[in-house]
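Novice: Let me give you the structure first, and then I'll get to my questions.
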Amino acid sequence: MRSNPRLTLLSDEDRVELTGIVAEAEQAQQVLAQAEAAQARALAKAGAFAARLAEGSSAVVRDRDMALRGVAAEIAAAVRVSDRAVQRQIDSAYTLVNDYPATVHCLEKGLLTRAHVAVVEDIVRRLPVELKGEFDQLAAEICLDETPGRARAELEILAER
């Protein structure tokens, strides 16, 4: 990214103020990313909890679905979101946390945005299972230095190889 040439004409006082504003925006973005990672981890735990409740059942799939619905309903009531939306969020978070650990780690540290994560998820979905772990690591590294749009272009090329 390039700076706006007009900003080079700022007074010292204005430059200090702008530096503070940029730092505040950057801090807010980091806090948001960390909160999104915490939410993903909590929802992934909810998915694992529902799966554990269904263990040992003769109708594991049906019982897991019922357990997931119950857990999702509890969370949905607490956060005032529909239970169907929470079920989708749980499934997505479970996959994210368990299949893309490098990406989640960077999100947790506030180094990536949710938009970066969405790009990684979208591209990794198309890859064979045996390549996902290595791709996750490489994708997280690429995303550290790029905007989501630019990262997508690089990751698409990487996925083609």
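Novice: Closer than 17 Å to Glu146 by Cα, within 11 Å of the chain's Cα centre (by Cα) and polar (S, T, N, Q) - does that describe any residue in the range 32-47?
Specialist: No, the range 32-47 has no match at all.
Novice: Output the residue which, of all residues in the range 43-80 that are in contact (Cβ under 8 Å) with a residue 40 or more places away in the chain and of a type in the set (A, V, I, L, M, F, W, C), is farthest from Glu108 (Cα to Cα).
Specialist: Going residue by residue through the range 43-80, those that are in contact (Cβ under 8 Å) with a residue 40 or more places away in the chain are 43-44, 46-48, 50.
Okay, now just the ones that are also of a type in the set (A, V, I, L, M, F, W, C), so 43-44, 46, 48, 50.
On the way: Leu43: 14, Ala44: 14, Ala46: 18, Ala48: 20, Ala50: 24 Å.
Applying the filter and picking the extreme gives Ala50.
Novice: Restricting to helices (runs of 4 or more DSSP H) lying wholly in the range 56-142: which have 1 or more residues that are touching a Pro at 6+ places or on another chain (Cβ under 8 Å) and at pLDDT 95 or above?
Specialist: Numbers: elements: 60-79, 83-99, 101-108, 114-124.
Where helices (runs of 4 or more DSSP H) fall fully within the range 56-142 and carry at least 1 residues being touching a Pro at 6+ places or on another chain (Cβ under 8 Å) and at pLDDT 95 or above, they are 114-124.
The values are calculated or read from the model by the stated rules, or taken from the named source; none is laboratory data. Note that the coordinates shown come from a computational prediction; the quantities given were computed from them, not determined experimentally. When we count neighbours, we look across all protein chains shown, and the Cβ atoms used for this are built from the backbone with ideal geometry, even at glycine.
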